[in-house]
Structures are given as C-alpha cells and as structure tokens.
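FYI, it's all coordinate maths here, none of it is from the lab. The model shown is predicted, which means the values in this text are computed figures rather than measured ones. Don't worry about glycine lacking a Cβ; one is built from the backbone with ideal geometry, like all the others, and counts go over all protein chains shown.
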Amino acid sequence: MNVPATPSTASPPSPAPPARGGRWHTWGDIVKRDKRPLVGVGILLLFVLMAALAPVLTHYSPTATNFTPLAAPSARHWLGTTASGQDIWSQFLYGGRVSLSVGFAAGLIATVLAVVLGMLPAYVGGWVDTGMATLTNIMLVIPGLPLLIVITAYVHQTGPATIALVIGLTGWAWGARILRAQTLTLSRRDFIVAARLAGDNRWRVLLAEILPNMLSLVIANLVFAAIGAILAEASLEFLGLGNPDTVTWGTMLYWADAGEALLNGAWWWIVPPGLAIALVGLSLSLVNFGIDQVSNPRLRVNRRTKRSSVLRRD
C-alpha cells in the first residue's frame, strides 16, 4: 500500500552536481571551497623547488668554511654564517634536499609496509590476521622515538639512507591498524561478496576492488608518515645520532646547539631550519584536509548541509 508523502514546509537542500571526471574533479571542487589544501600544496612546492634549484639559488658550497664566522644576514650571506664560517643559506637549500628526501622515502616505506601488513592479513583472515594484529599492537605500545634512538645508537653507518630505512621500518604500525580496520569493513560489502561469488581470485579482489576504494586513505597515511619521518629525522640528527658531516636541517640544529647560537645571539642559525621543518609539517597537514574530504563524503555532505541551512536562515 502506497502512503502519500506529507509535503514539507522547508525545501530540501539542492543536491550536489554530479562529479565529472572522478576523484580529481572532486579534489578540484574541494579546493574551490576550501583553500587550505591549496595553501599546503603551495608551501610544499616552494620548499621542493628551493631544494631542487639549490645550485641555481646559491653559488656557495654548504661545507665551505672560508667566510666570516657568525656574520649577520646581509646581501652577501642572506641568512648569515655559522660559527665555522659556513653560509647558512646554502646549508638551508642543500639541507632541504636531504631532509625532504629522507622524510618522503621513510614515509613511503612505512606506507608500503602498512598496506602489506595491514590489508593482506585482514583480507586473508584466520591466524594470519590474528598474529599480525598482535604484532601491530605490540609495535604501537613501544614508544617510537626511544625505539629509534636505541636502534640508531647501535647502527654504525647512520647516514640519511640508514635513518630513512630505520624510520620506515618502525613507523608502519599505526597505518597498518587503520588499513586493517577499513579492509575488514570493506570485505563484508555487497560488491566484494559479489566479486567472490563471480569467481574472482583473492588477489584480484584485493587489488582491483578493495585497494582503489582505500586509495585516499593510503595517501593520507603517506602524508602523516612523511610528517612523522621529517620530525623524527630532525630529532635524531639534533641528538647527534646521525652523520654530523651530512648537511640537513637536523644537523644544522645540532651544530647550532653545539655552537651555542642562542648565547651568541645568532638567531639566524636556528630559525631557518626550525621554521622550515614546522612549515613543511604544516603544509602536509593542510594537504591532508583535502584528502580527508575526498576519502570521507560525509565531510562534503555536512559542509553542503551547513551552507544550505545558513542560506535558508538568511
């Protein structure tokens, strides 16, 4: 029996226009409404371009010590010099190359491990999922930075590649736990069950059905892993657990602390690397706002509903 619908006094919010072009069109719509992801991308691209164009932006070697020690910023030395007579602007540019490379390399390693160790056992199930979930919980209980300090203290070759590998191998647990929970949810959806009944093998269902629906979540995990890796690399270098001869933002802070930059009033030695680390972390966090809205349609629906209610109230 059909029951006639009762007319509503308030007109419902107009539906959103269909997304043409898939997720990229959705990302474009989000950037038009929310400028935070665009600002984040701009800041990140600025630092990447500065690091990539380091030989063009400076003609000084980051390790040259033939300048006046502790010289204030000037037209010749834009960010001044260190206590050893090194140009801080060149160290800042070349150090950004290493710090950003270590951060994104470690973030990529952690994300790949999170995908493999989180999604695959959850989809297989049984004792494999139980054992991996137990290992993930153990890794989450162990404090991250003390674990990194202990490992790097016992590794003799602590160059940028080693630090990136250590950070990546110890930073996968949180992402694996999130991806495991999402995989368990998706594996019970109707389209996954239909794919199984159609005779698709496990690998095809996992790679062609589940993974594409979790792609934005994987990218968000990569963003947060990169933020954590950049901060961890700077922390290890600042504590002297890296290679002090390698120019990075972390070693710049290490030598600034060793050279008593604050006591000597050489603020220009500390501010550039510290501010760069903070701004890169901020930029990645702003980018993640857009990724969250792509991966979670409820955020877009809530934003549209709130805007429609405000317009009706006006």
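For residue 185, work out the one condition from (1) more than 21 Å from residue 280 (Cα to Cα); (2) hydroxyl-bearing (Ser, Thr, Tyr); (3) surrounded by 17 or more Cβ atoms within 10 Å (Cβ to Cβ) it doesn't fulfil.
Of (1) more than 21 Å from residue 280 (Cα to Cα); (2) hydroxyl-bearing (Ser, Thr, Tyr); (3) surrounded by 17 or more Cβ atoms within 10 Å (Cβ to Cβ), only one is false for residue 185: (3).
Of all the helices (runs of 4 or more DSSP H) wholly in segment 51-166, which have at least 3 residues that are surrounded by 16 or more Cβ atoms within 10 Å (Cβ to Cβ)? Outline the logic, then answer.
Details: elements: 54-57, 88-124, 126-141, 144-153.
Hits in segment 51-166: 88-124, 126-141, 144-153.
Please enumerate the residues belonging to segment 222-261 that are assigned to a helix (DSSP H, G or I), β-branched (Val, Ile, Thr) and over 13 Å from the mean Cα position of the chain (by Cα).
Across segment 222-261, the qualifying residue is only 251.
Under 9 Å between Cβ atoms, at least 6 apart or on separate chains: pull out the pairs that start in segment 120-135 with a residue that is at positive phi and end on any residue that is surrounded by 13 or more Cβ atoms within 10 Å (Cβ to Cβ) and outside any helix (DSSP H, G or I).
Pairs found: 125/187.
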